[in-house]
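Notes follow once the structure below has been shown.
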Amino acid sequence: MLTKNGVYDEGDILGKPFEVRGVKPKRIFVSARFPFVDPNGETPVTAVLIGENDRPMTGQTVQFSVADSGASVNPTSAQTNQQGVASTTLRVGLTGGITVRVRATATVEGVTVTGETEVQVRAYGGINAIVRSKR
């Protein structure tokens, strides 16, 4: 409730969640829990959306995508929580020895921010052979 001076009464806002409207995104940080995974493996990926006021942005949609064939994210979009964090899971294919890039994008108030992280898919083995010579 506004006081006669045009400010909110302390009791109206203390201890209650509130949202500042009109804040535009400044940056998005993207990270994978495990930077190295095995073929056909998975890892959680998080994106933290930060507003121009340098605070986490709550309740915003983040789109996740991968450009690498054989890899996917699920879900492809998620809402940010009160810490500004949105999460997905990256699942990679059977091809090892590659780098998979996960992109996170958010558009708020007409401003789009994008961030990426890389996950290395381990290469397995190689050629195992026993060489025998005849004498």
(request) Could you check, for the stretch 121-131, whether at least one of its residues is assigned to a strand (DSSP E or B), hydrophobic (A, V, I, L, M, F, W, C), modelled with pLDDT of 95 or more and under 19 Å from Ser31 (Cα atoms)? (result) no
(message) Please go through the stretch 92-116 and give me each residue that is out of contact with any strand residue (DSSP E or B) (no Cβ under 7 Å at 6 or more places or on another chain) and assigned to a strand (DSSP E or B), ordered by number.
(response) Thr107
(request) Tell me which of these Thr88 doesn't satisfy, since it passes every other one: (1) out of contact with any Gly (no Cβ under 8 Å at 6 or more places or on another chain); (2) at pLDDT below 95. (result) (2)
(message) I need the full set of residues from the stretch 90-120 which are closer than 14 Å to Val62 by Cβ and hydroxyl-bearing (Ser, Thr, Tyr), in order please.
(response) Thr105, Thr107, Thr112, Thr114, Thr117
(message) Name the residue that is surrounded by the most Cβ atoms within 10 Å (Cβ to Cβ), counting only residues in the stretch 20-33 that are outside any loop (DSSP other than H, G, I, E, B) and within 14 Å of the chain's Cα centre (by Cα).
(response) Ile28
(request) Can you work out which of the residues in the stretch 89-107 that are farther than 22 Å from Val37 by Cβ and surrounded by 17 or more Cβ atoms within 10 Å (Cβ to Cβ) is farthest from the chain's Cα centre (by Cα)? (result) Ala106
(request) Mind listing whichever residues of the stretch 34-84 are in a loop (DSSP other than H, G, I, E, B), surrounded by 16 or more Cβ atoms within 10 Å (Cβ to Cβ) and of a type in the set (A, V, I, L, M, F, W, C)? (result) Met57, Ala71
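The values are calculated or read from the model by the stated rules, or taken from the named source; none is laboratory data. On a predicted model such as this, the values are computed, not experimentally measured, just so you know. Here Cβ is always computed from backbone atoms with ideal geometry, including for glycine, and neighbour counts include all displayed protein chains.
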